[in-house]
Each structure stands twice: as C-alpha cells, then as structure tokens.
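Below: the structure, in structure tokens.
Only the coordinates and a few stated rules stand behind these numbers; no lab work does. Note that this is a predicted model, so its numbers are computed, not measured.
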Amino acid sequence: MTDSRGVAGTGSEQFAGQLREQITNDGVNGPEASATAHTPFSRTTATAKPLRHGQRLQHGPSRALR
C-alpha cells in the first residue's frame, strides 16, 4: 500500500484495523491542515520449537525440596 505522500508500506495481518494515515482538512473540501502517517513496528522477540507428541514442557533445572 502507498500513503498520500507516495511512501510505500507493506500490509500485515497483525496490523489490520490500525490507523495508517490521518489527514485533516481546513473545512469541507478545504486545503490540508495536517497529516500524520503511522508506521507500525514489529520484531520477533522469542521463538520456540514445537513439542513432539508426548513431550512435556520443561521449566528450567529441577531442584529437590529441602
């Protein structure tokens, strides 16, 4: 998708429904008074391997109670 300034961006399902650009005009059909473009940011912070059938999730080293 491309905004009104000609800047191309990629659409992503995780950002669906979020505001991409907002333009405010000075009156009906008037000149542009202000414009704001929003660029969402995302990155992967952690990944995990899927468990195999019958495998249990481990929560760190096990310690005996004293």
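Coupling constants for the range 7-17 follow from the phi torsions by the Karplus curve (6.51 cos²θ - 1.76 cosθ + 1.60, θ = phi - 60°), and in residue order they are 7, 7, x, 9, x, 9, 4, 5, 9, 4, x Hz; glycine and proline get x.
For the chain, relative contact order (Cα pairs under 8 Å, six or more residues apart, normalised by length) works out to 18 percent.
Which of rounded, prolate or oblate describes the range 1-45 when judged by the alpha-carbon gyration tensor and an a/c cut-off of 1.5?
Working: a/c = 3.01, a/b = 2.53, b/c = 1.19.
Prolate, since a/c reaches 1.5 and a/b exceeds b/c.
The phi torsions of the range 27-43, fed into the Karplus equation with coefficients 6.51, -1.76 and 1.60 and a -60° offset, translate into couplings of x, 5, 6, x, x, 5, 8, 7, 8, 9, 10, 10, 10, x, 10, 8, 8 Hz, rounded to whole numbers, with Gly and Pro shown as x. Annotation: amide H-H contacts under 5 Å for Glu21 (H modelled 1.01 Å from N, sequence separation of 5 or more, or interchain): His38.
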